[in-house]
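Visitor: Before I ask anything, let me first share the structure, which is written out below as structure tokens.
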Amino acid sequence: MKRIELLGVPIDICQPEELEGEFMKILEKPGTKQIVFLSVWDLIKARNTKRDFCKCVAEADLILPVSKSILGGAKFLKMEEIPIRYNPFDVTIQFLSLIDQHYRTLFLLGGRKRTLQQAERNVHETFPNVRIVGRYVGYFPKESEDDVVTAIHKASPSLAIVSEGIKEKNLWAYHRRERFSSSIFLFYNDCLGIFSKRIKRVSEKTFERGNEIWHEIFHNPLKLFYIFPFIYYIMSLLWCRLFNKKSKNVKENQELPNGKSAEPAGSDTEKKAESASDDEKNGKNSTESEKTDLNVGKNESGDKNSMRTADGMGEKKTAFKAFASSEIDDSDDLELE
């Protein structure tokens, strides 16, 4: 696994065959751990270094991109390695399967009471070896927060899934990380709704096309205003491209004066060599001509060194590609049974 940065935001490049191993490594680490499903909207928020979310993403143990626009941005900037996009539902099922295989524990946080109970039953039927050590509904009052934190701390689950009804989302676990013992926290807003069959998950075809944003807009028309942060994202990519190109040109322009300065030095050497030959023709003594030839040799060696220095300052040029991105949604029933 390798961690890169896109517009200053860290993203992990994790191959599908490495995902299980990385999860088990995180599971064995002490303390509070966090896995982040990074959407393009999260990436935009994480660019603000004054926000806690920027620190939350930077300190996460695993950052998996879920938006096609993130991959498009990486391709547009011609990055050496392109991140791998993951479907959050498939990854969550994979993590639950690992917990089931190793007889680990699970805590469910979020959703309404009915949704939470149905999700718990379906998870238990699908993953019988997973021991659900606790659950708590979302949308709880602030006075109940200490009870929730205490319950998670005492249960010390291997994985805690945080879903709808938790206002702070990824930041909820991050802000309280010192109050937990040793657990992995994963925020997936639609997780419990899908597990309870109350929400239909995005179809594979729609997700592959990157059209899942339309599903979100269908359920919440106000998300049409996401067009403005998306424009900001595109402008940031363009600025990054132009800025990098400008810095390359500055370095190339710094190279040119040295290259040119080497040429006049070479012409002066030729003139000195010609003057030396003229002195020989005019009948000057051989001692003076030998001194002149020695000086010419020194100047030529110095000019060659200056030429090598000028060539050594050159840098490779970077080419850029255009990119395309979109996000929308469809419907496809989840069957956990």
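The values are calculated or read from the model by the stated rules, or taken from the named source; none is laboratory data. Not measured: the values here are computed from a predicted model. With ideal geometry, Cβ positions are generated from the backbone for all residues, glycine too; neighbour counts draw on all protein chains shown.
A quick yes/no check of all residues on (1) farther than 30 Å from LYS68 by Cα; (2) without any contact (Cβ under 8 Å) to a residue 40 or more places away in the chain:
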position	(1), (2)
ILE93	no, yes
GLY111	no, no
THR115	no, no
PRO128	yes, yes
ILE132	yes, yes
PHE140	yes, yes
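To keep it simple, each residue is scored yes or no on (1) within 24 Å of LEU19 (Cα to Cα); (2) out of contact with any helix residue (DSSP H, G or I) (no Cβ under 8 Å at 6 or more places or on another chain).
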residue: ILE63; (1), (2): yes, no
residue: VAL66; (1), (2): yes, no
residue: PHE89; (1), (2): yes, no
residue: ASN129; (1), (2): yes, no
residue: ARG135; (1), (2): no, no
residue: ASP147; (1), (2): no, yes
residue: THR150; (1), (2): no, yes
residue: LYS169; (1), (2): yes, yes
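Visitor: Looking for whichever is of a type in the set (A, V, I, L, M) and either under 24 Å from PHE195 (Cα atoms) or out of contact with any Ser or Thr (no Cβ under 8 Å at 6 or more places or on another chain) (or both) here; the options are VAL40, VAL9. Which one fits?
Guide: The conditions single out VAL9.
Visitor: Now a separate question. Out of ILE84, ILE35, ILE93, which single residue is hydrophobic (A, V, I, L, M, F, W, C) and over 30 Å from PRO128 (Cα atoms)?
Guide: Among ILE84, ILE35, ILE93, only ILE84 is hydrophobic (A, V, I, L, M, F, W, C) and over 30 Å from PRO128 (Cα atoms).
Visitor: Just give me the residues in the stretch 6-16 being out of contact with any Pro (no Cβ under 6 Å at 6 or more places or on another chain) and either modelled with pLDDT under 95 or not acidic (Asp, Glu) (or both), in sequence order.
Guide: Residues of the stretch 6-16 that are out of contact with any Pro (no Cβ under 6 Å at 6 or more places or on another chain), as a first pass: 6-10, 12, 14-16.
Scanning the stretch 6-16 gives LEU6, LEU7, GLY8, VAL9, PRO10, CYS14, GLN15, PRO16.
Visitor: Is there a residue being touching a residue at least 12 places away in the same chain (Cβ under 8 Å), of a type in the set (A, V, I, L, M) and surrounded by fewer than 17 Cβ atoms within 10 Å (Cβ to Cβ) anywhere in the stretch 34-55?
Guide: No, the stretch 34-55 contains no residue that is touching a residue at least 12 places away in the same chain (Cβ under 8 Å), of a type in the set (A, V, I, L, M) and surrounded by fewer than 17 Cβ atoms within 10 Å (Cβ to Cβ).
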